[in-house]
Amino acid sequence: MRAISALFVGLLFGLGLTISGMIDPSKIIAFLDVAGDWDPSLLVVMASALVVSFFGYRIAFARKKPVLEEKFQLPTKTEIDRPLIIGSALFGIGWGLSGLCPGPAISAASLGNGDVYVFLLALASGMLLGDGLPKAAAKQAKARS
Amino acid sequence: MTLSSFLGPAIGGALIGLSAVLLMALNGRIAGVSGIVAGIMAPLRGEGRADLSWRAAFVAGLIIAPLIVSAVRGELVSVSTPHPLWMMALGGLLVGYGTRLGSGCTSGHGVCGVARLSKRSFAATGMFMSTAIVTVFVLHRLLGV
């Protein structure tokens, strides 16, 4: 049941990315190119997504627990720390270089663009590095103390 | 911006927002694509395969969606990558590494986190939007890519 609902939700998410145009890197780059022939459509996508999710979350959280699970799983960190800032800065640089972020890149995998597959391979490598290095560093710090 | 070029982004954005709400209401999860994908790769890092099925189902939905839109339109959804291939590769690496270090991407921070009014997500979104805009500015306006 959990997988069926996730499939449905992923489908809806992918339809949103496709219909909004976010799946196309040239459109994302045109949005980021504020000093050029600026394309404001991503701003509309973000605003529309935020209005729906802001009010929708309030309805969702009015229940004690999710429909299919025992509890809501929410991030527990509240502090704005160095990894958050550095990581997000690097992500933005990569987004500007490629015109792709993880959602659209995965959605576009069904459309047969070779550049997208190169991006996806690099994305997976980067994620493994990103998950591996902080843990290795934590292990080392632990060993030292 | 004409009405028809506004409708796609507005409707697409609403669908993205709706899927964020549904994944929380049904599965109790943040609809953050980078986090969901990193969870799928957990066995590669020698960790358990918890929650593999709903995560894989969500990703399957993402991938199938553009094909449905293509079938309805009668032509493949266009994906064009204006930047050179090495930028796609470097971009993918930075997006992967950065989103893991920074605990999220456009969907997890930019939509879900901001809709929850999370301070961390506001900081992350401000950061990746800024560096992405600066990156495209440097590429297009200073380096003439």
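Only the coordinates and a few stated rules stand behind these numbers; no lab work does. Computed from a predicted model, the values in this text were never measured in an experiment. Virtual Cβ from ideal backbone geometry, glycine too; neighbours counted across all protein chains shown.
Comparing A:PHE54, A:PHE13, A:PHE31, which has the greatest mean-square fluctuation in the GNM of chain A with Cα pairs linked when under 10 Å apart?
A:PHE54
Grab every C-alpha pair in the protein assembly as shown, bin the distances at 10 angstrom width from 0 up to the longest one, and report whole percents.
Distribution as computed: 7, 30, 39, 19, 4, 0, 0 percent.
Is the stretch B:31-139 rounded, prolate or oblate when judged by the Cα gyration tensor, a ≥ b ≥ c being the square roots of its eigenvalues, rounded requiring a/c under 1.5 and prolate requiring a/b larger than b/c?
Since a/c stays below 1.5, the shape of the stretch B:31-139 is classed as rounded.
Counting helices only, and only those DSSP H runs with n ≥ 4, report the 222 nm mean residue ellipticity of chain A as the sum of -39,500 (n - 2.57) divided by its residues, in deg cm²/dmol to the nearest 500.
-23500 deg cm²/dmol
Just list whichever of A:LYS71/B:LYS119; A:LYS64/B:LYS119; A:LYS27/A:LYS65; A:LYS27/A:LYS77 have alpha carbons separated by over 29 Å in the model shown.
A:LYS27/A:LYS65; A:LYS27/A:LYS77
Return the inverse of the average 1/r over all pairs of distinct C-alpha atoms in the stretch B:72-126, which is the Kirkwood hydrodynamic radius, in Å to one decimal.
Kirkwood radius, the stretch B:72-126: 13.3 Å.
Would you list B:THR131, B:THR99, A:THR76 from fewest to most Cβ contacts within 10 Å?
Exposure proxy ranking, most exposed first: A:THR76, B:THR131, B:THR99.
Show me the helices of chain A, taken as full DSSP H stretches, that run 30 Å or more along their long axis by Cα and average -0.5 or above in Kyte-Doolittle hydropathy.
Going by DSSP H runs, the hits are A:114-144.
Of the candidates B:GLY32, B:GLY17, B:GLY104, which one comes out as most mobile in a Gaussian network treatment of chain B with C-alpha springs shorter than 10 Å?
Of B:GLY32, B:GLY17, B:GLY104, the Gaussian network model singles out B:GLY17 as fluctuating most.
Within chain B, which DSSP H helices have Cα atoms that stretch 18 Å or more along the helix axis and a mean Kyte-Doolittle hydropathy of at least 1.0?
In chain B, the long hydrophobic H runs are B:3-22, B:52-73, B:85-101.
Among rounded, prolate and oblate, which fits the stretch A:62-116 when a ≥ b ≥ c are the square roots of the eigenvalues of its C-alpha gyration tensor, a/c under 1.5 means rounded, and a/b larger than b/c means prolate?
oblate
Would you list B:ASP51, A:ASP37 from fewest to most Cβ contacts within 10 Å?
Fewest-to-most ranking of B:ASP51, A:ASP37: A:ASP37, B:ASP51.
Which of A:ILE80, A:ILE29, A:ILE19 ends up with the largest GNM mean-square fluctuation for chain A, with Cα atoms connected below 10 Å?
Result for chain A, Cα springs under 10 Å: A:ILE80 fluctuates most.
Could you tell me what a quarter of the Cα convex hull surface of the stretch A:2-144 works out to, in nm² with one decimal place?
11.9 nm²
Would you mind ranking B:LEU142, A:LEU17 by Cβ crowding within 10 Å, fewest neighbours first?
B:LEU142, A:LEU17
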